[in-house]
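Written out below as structure tokens is the structure these notes cover.
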């Protein structure tokens, strides 16, 4: 069964919480592309410096294939 956008976001959010703690300051963008689910966290307040984590989630297994943490 394919992984839904909601499940991909849930997987990424769990990892992001472990790395960042509070992730409520981020908006979460999820898009299905040819290589899987791209889940990107961006700051809600654009005037703040820094960035959030970025993920590539396998669309079949729901596993994290790749991730990058921005500070």
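Throughout, read-outs are computed from the coordinates displayed, never taken from laboratory work. Not measured: the values here are computed from a predicted model. In this analysis, Cβ positions are derived from the backbone assuming ideal geometry, glycine residues included, and neighbour counts consider all displayed protein chains.
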**OP:** Let me see the pair-distance distribution of the chain: every alpha carbon pair, 10 Å bin width, integer percents in order.
**Re:** 22, 54, 22, 2, 0
Original post:
At a Förster radius of 22 Å, what calculated FRET efficiency corresponds to the Cβ-Cβ distance of residue 14 and residue 35, to the nearest 0.05?
Top reply: 0.55
Subject >> Most fluctuating residue given options 29, 58, 40, as computed from a GNM of the chain linking Cα atoms under 10 Å >> reply: 29
Original post:
With each pseudo-label sitting 7 Å past Cα toward Cβ, what's the residue 45-residue 66 distance in nm, one decimal?
Top reply: 3.2 nm
Subject >> Helix 5-20 axis, angle to the chain major axis (alpha carbon atoms, nearest 10°) >> reply: 40 degrees
